[in-house]
Each structure stands twice: as structure tokens, then as C-alpha cells.
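Working notes, beginning with the structure itself.
The values are calculated or read from the model by the stated rules, or taken from the named source; none is laboratory data. Because the structure is predicted, anything quoted here is derived from the model rather than measured. Cβ sites come from the backbone with ideal geometry, for glycine too, and all protein chains shown count toward neighbours.
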């Protein structure tokens with residue numbers, strides 16, 4: 001059999017398991033975020049509130065970036081799950097930081113204030129990039 005096909009056959013089950021686990025963590029993080037935030041993003045979005053759509057898009061991307069980093073740098077499924085949960089929790093805390101900074105972020109998003117949503121996106125993406133870089137840091141000694 002061709003080496004490429006053998007490699008695919010050997011690696012495809014692990015690919016499905018790791019990608020499925022990362023996807024499940026991403027979905028769980030999004031559901032947790034939506035459940036914990038006072039504004040109802042999906043209802044607001046359906047009603048035409050573009051700030052809610054911006055904020056939710058920022059959340060999804062902000063959660064996906066460190067999850068992708070976890071997926072790329074994990075040494076085992078357990079490693080992926082542990083660091084995935086940690087990175088998702090840190091990202092959810094980033095919303096609280098912006099809420100404290102702006103005072104009443106949920107109301108601002110409900111009022112369709114794009115500036116508040118854009119700041120939330122910036123904080124989410126910045127924290128996602130920092131988390132992702134930390135996950136790749138060899139000094140974390142993830143193998144010990």
C-alpha cells in the first residue's frame with residue numbers, strides 16, 4: 001500500500017477524535033458564554049441587533065483561536081482537554097473584564113452600540129492570541 005494511504009489510515013481515527021474533542025470544547029465554551037452573559041445574543045441578533053452579532057462573532061473567534069492552538073500543540077487527548085478548558089475559562093473571564101471597564105456592557109450591546117461590541121472583539125482577539133502564544137511556550141514544560 002502507498003505510504004500516504006497508510007499514513008492516512010493510521011492517523012485518521014486520531015484526527016477525528018482530537019478534532020471532535022476540540023470542536024466539542026468550542027461548542028461547550030460558546031454555550032457556556034451565552035448562558036453566563038446577561039444579554040441574549042441570539043434573540044438580539046434575530047431582532048436585527050448588529051452589535052450582538054459582532055460581539056458573538058468575536059466570542060466565537062476568540063474561543064476558537066486558543067482551541068486551535070491547543071489542538072496543534074497537544075501531546076495527548078488529556079492534554080488537549082485540560083488546556084482547552086483552561087483557555088476557554090480565561091476567554092470567558094475576558095468578557096467580565098470588558099464589562100467592568102465599560103460598565104454595563106450587556107446594556108450597551110442590547111442598545112446596539114457598535115463601539116462596545118468592537119472593544120469586546122478586540123479584547124477577545126488580543127487575549128486569544130496571548131493565550132495561544134502561551135500554549136506554544138516550551139517553558140511551560142507540558143511534557144513533565
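Is it fair to say residue 128 is out of contact with any strand residue (DSSP E or B) (no Cβ under 8 Å at 6 or more places or on another chain), more than 22 Å from residue 31 (Cβ to Cβ), in contact (Cβ under 8 Å) with a residue 40 or more places away in the chain and surrounded by 18 or more Cβ atoms within 10 Å (Cβ to Cβ)? So that I can check it myself, show each step before the final result.
Values: out of contact with any strand residue (DSSP E or B) (no Cβ under 8 Å at 6 or more places or on another chain): yes; more than 22 Å from residue 31 (Cβ to Cβ): no; in contact (Cβ under 8 Å) with a residue 40 or more places away in the chain: yes; surrounded by 18 or more Cβ atoms within 10 Å (Cβ to Cβ): yes.
Judged against the criteria, residue 128 is not a match.
Applying the selection to segment 79-103, what residues are on the phi > 0 side of the Ramachandran plot and modelled with pLDDT of 80 or more? First the steps, then the outcome.
First pass over segment 79-103, keeping only residues on the phi > 0 side of the Ramachandran plot: 103.
Scanning segment 79-103 gives no hits.
Can you find, within segment 104-122, the residue that is modelled with the lowest pLDDT among those that are closer than 19 Å to residue 35 by Cα and surrounded by fewer than 17 Cβ atoms within 10 Å (Cβ to Cβ)? Working first, answer last.
Of all residues in segment 104-122, those closer than 19 Å to residue 35 by Cα come to 104-110, 117, 120-121.
Adding the requirement that they be surrounded by fewer than 17 Cβ atoms within 10 Å (Cβ to Cβ) leaves 104, 107.
Working: 104: 81, 107: 88.
Among them, the one singled out is 104.
Quick one: count up the residues across segment 87-103 that are loosely packed, with under 15 Cβ neighbours inside 10 Å and either over 11 Å from residue 127 (Cβ atoms) or in contact with a strand residue (DSSP E or B) (Cβ under 8 Å, 6 or more places away or on another chain) (or both). Quick ask: steps written out before the conclusion?
Narrowing segment 87-103 to residues loosely packed, with under 15 Cβ neighbours inside 10 Å: 89, 93, 96-97, 100-101, 103.
Pick out the ones that are also either over 11 Å from residue 127 (Cβ atoms) or in contact with a strand residue (DSSP E or B) (Cβ under 8 Å, 6 or more places away or on another chain) (or both) and you get 89, 96, 100-101, 103.
Going through segment 87-103 one residue at a time, the tally reaches 5.
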Name every residue in segment 33-59 that is over 16 Å from residue 119 (Cβ atoms), at pLDDT 90 or above and surrounded by 15 or more Cβ atoms within 10 Å (Cβ to Cβ), in order of residue number.
44, 49
